[in-house]
Structure formats: structure tokens, C-alpha cells
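Taking it in order: structure first as C-alpha cells, then the write-up.
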Amino acid sequence: MEQLHYKQRICTDKEKIENFLARSRVGIIGLNAGEYPYAVPVNYVWWDGKAYFHGMGSGKRESVLQKEP
């Protein structure tokens, strides 16, 4: 299988990345859940160079994070 490269989508401009993360409110977090990855949409806030995720503190996402932080 031939690997595709989307060079036009690559962004290394830190200011653009910071602005995008600051404007967005929903992202997808991908976790190692054993045989298959587990990806789930999450609400987040980008503050001072860090992402803070909103969560209930229970459920599959939390159990996967406890096993694979």
C-alpha cells in the first residue's frame, strides 16, 4: 500500500496552532485501549499552553486512562 502525504495540511506555525486551539471547544482524544484504540470527542479549554478536558470522572474514557495514562 502506498502511503499518502498531505504536505499542504502540515502546520508548524505556533501562533496559528495556538489560535486554532483557543477558538475550538471540541476535540477528539485518542487513547490506547488494548487491541484497538479508543477515540472519543471531548469538550476542552486551551489555557496557558495546556488543554483542560471536561469529564464526568467515570466511564470508559476514565478506565482506559487509569490503565494507560
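Since every read-out is calculated from the coordinates, none of them should be taken as a lab result. Just so you know, these numbers come straight off a predicted model, no measurement behind them. Positions of Cβ are backbone-derived with ideal geometry, glycine not excepted, and every protein chain shown enters the neighbour counts.
Let me know the shape class of segment 7-67, please: from the alpha-carbon gyration tensor, a ≥ b ≥ c as square roots of the eigenvalues, rounded when a/c is under 1.5, otherwise prolate if a/b is greater than b/c, or oblate. Oblate is the answer for segment 7-67, as a/c is 1.5 or above yet b/c matches or exceeds a/b. Contact order for the chain, expressed relative to its length and based on alpha carbon pairs under 8 Å spaced 6+ residues apart, stands at 23 percent. Here's the list of lysines a cross-link from Lys14 could span, going by alpha-carbon distance under 29 Å and ignoring same-chain residues fewer than 8 apart: Lys50. Helices in the chain, meaning DSSP H runs of at least 4 residues, each add -39500 (n - 2.57). Divided by all residues, the mean residue ellipticity at 222 nm is -7500 deg cm²/dmol. Counted by Cβ distance under 12 Å from Val45, the other residues give a net charge of +2, where Lys and Arg count +1 and Asp and Glu count -1. Amide H contacts under 5 Å for Ala33: Tyr38, restricted to partners 5 or more places along the chain or on a different chain, H placed in the peptide plane at 1.01 Å from N.
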